[in-house]
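Note sheet for the following structure.
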Amino acid sequence: MKSLITGGAGFIGSHLCEELLRRGDTIVVLDDLSTGRLENLHAALATGQVRFVEGDIIDEALLRELTAECDRIFHLAAAVGVKLILERPLHTMNVNMTGTHNVLEAACDLGKPVLLASTSEVYGHQVAQSFREETPSLLGPVSEMRWIYAVTKLADEYLAAAYAQERGLSYIAARFFNTTGPRQTGRYGMVVPRFVQAALAGDPITIYGDGRQVRCFCHVADVIRAVADLMSKPETYGDVYNIGSDQPITIQGLAERVLELTGSSSPIEYVAYTEAYDGLGVHDIRYRAPDISKLSRTIGFRPKHTLDEILTQMIEYYSTPGRG
Ligand code: UDP
């Protein structure tokens, strides 16, 4: 099987690349290296089974050429990170919508199945004990630019569903919840690498808000296993799936686990949420947890890694100087 991974030099994409190699695929990675890094693919490229193409999903001709030579597409390329989205909203919309349109159009024309990476952000500030795939989204208002990411990803899901209905596209929409693990960078704001790196450096751990907001952190290895399993089962096509861990923890609790496991004496500092994002119209999601029963029904999914295992691996990873 030959797979195309758009965004394959990113954190999740590069782990997916290694998983597909383990499953016997040859791979073409398309990445513009905007947030991805070639060093993420170091081990994968060394196998000789991966071809790296530096390029953009806006480039229709290139996409079509690469889609033609592959059997299936994992579409992970996107503009990501709250900071980038707030600073470059037009670019974000162009990449996430025009780019995804190009991917779906090529996949549909050439009859290749595509897995679309979506996000838990699509549930927005909906309040629920856990989000099911059918839970309605609560997004906006338009004056808050952070919602651009969720709106574009939700539009992409509708676009895929429309291609499926009218033109027979085979697709899966995978809504990633908080995913973490080695190679994730704190540069785009992700909390786990930020806390681990701060603790290792003896710098203050900065909690935005009161620390009582809740997340479920899933190891990237569990996430990409689910992605590869879904794509290998055509009976799962044409649907939306939550992918994540269902073990909740407060951000305060996370900070305390990081301090405990690193043995660090870093202080915890609290920063008002509006201050953390320069008053740019960002409000936190207080409680976010997926209902993963659909995923466990269809592919028998259970996250294998506990939070302590994830943190232990990340502490080891970031203990090597120059990482992150
Ligand atoms: N957060 C924090 N300190 C940081 C980075 C993030 O307290 O240095 C908080 C953030 O406000 C959010 C949670 O940690 O409540 C998870 O943030 P992340 O950006 O990793 O994911 P998301 O907000 O998309 O769930």
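The values are calculated or read from the model by the stated rules, or taken from the named source; none is laboratory data. Only a predicted model underlies this, so the values are computations on that prediction, with no experimental measurement involved. As a convention, Cβ positions derive from the backbone with ideal geometry for all residues, glycine included, and neighbour counts pool all protein chains shown.
Exactly one residue among VAL80, VAL50 is within 25 Å of VAL191 (Cα to Cα) and out of contact with any Asp or Glu (no Cβ under 6 Å at 6 or more places or on another chain), and that residue is VAL80. Can you name every residue in the stretch 178-210 that is in contact with a Gly (Cβ under 7 Å, 6 or more places away or on another chain), within 8 Å of the ligand (Cβ to nearest atom) and under 16 Å from VAL220 (Cα atoms)? Selection gives ASN178, GLY186. Counting only helices (runs of 4 or more DSSP H) that sit wholly inside the stretch 232-324, those with at least 3 residues that are within 16 Å of the ligand (Cβ to nearest atom) and either of a type outside the set (D, E, K, R) or farther than 30 Å from LEU115 by Cβ (or both) are 251-262, 273-276, 307-318. Of all residue pairs spaced 6 or more apart or on separate chains, those with beta-carbon atoms under 8 Å, a first member in the stretch 178-191 that is under 17 Å from ILE243 (Cα atoms) and a second member that is near the ligand (Cβ under 10 Å from one of its atoms) and assigned to a loop (DSSP other than H, G, I, E, B) are ASN178/PHE217; ASN178/ARG288; THR179/PHE217; THR180/MET190; THR180/PHE217. Scanning the stretch 29-50 for residues that are in contact with a strand residue (DSSP E or B) (Cβ under 6 Å, 6 or more places away or on another chain), among the charged types (D, E, K, R) and closer than 17 Å to ASN102 by Cβ turns up nothing. Restricted to the stretch 160-177, and to residues there that are surrounded by fewer than 21 Cβ atoms within 10 Å (Cβ to Cβ) and not hydroxyl-bearing (Ser, Thr, Tyr), the residue that is nearest to the ligand (Cβ to nearest atom) is ALA161. The numbered conditions (1) of a type outside the set (Asp, Glu); (2) modelled with pLDDT of 95 or more; (3) within 16 Å of the ligand (Cβ to nearest atom) are all true for ARG146 except (2).
Of the residues making up the stretch 277-294, one or more are exposed (fewer than 12 other Cβ atoms within 10 Å of the Cβ) and closer than 16 Å to GLY189 by Cβ.
Among what's in the stretch 216-231 and is part of a strand (DSSP E or B) and surrounded by 23 or more Cβ atoms within 10 Å (Cβ to Cβ), pick the residue that is farthest from the ligand (Cβ to nearest atom). Once the filter is applied, the top-ranked residue is HIS219. From the set of residues in the stretch 51-73 that are within 23 Å of THR35 (Cβ to Cβ) and part of a strand (DSSP E or B), which is nearest to the chain's Cα centre (by Cα)? Across the stretch 51-73, the extreme among qualifying residues is ILE73. Of note, THR98 does not satisfy the criterion of being surrounded by 20 or more Cβ atoms within 10 Å (Cβ to Cβ) and in contact (Cβ under 8 Å) with a residue 40 or more places away in the chain.
Taken over the stretch 60-95, the criterion of being without any contact (Cβ under 8 Å) to a residue 40 or more places away in the chain and among the acidic types (Asp, Glu) is satisfied by GLU65, GLU87.
Taking the criterion of being among the hydrophobic types (A, V, I, L, M, F, W, C) and crowded, with 24+ Cβ neighbours inside 10 Å, the residues of the stretch 13-30 that qualify are LEU16, CYS17, LEU20, ILE27, VAL29, LEU30.
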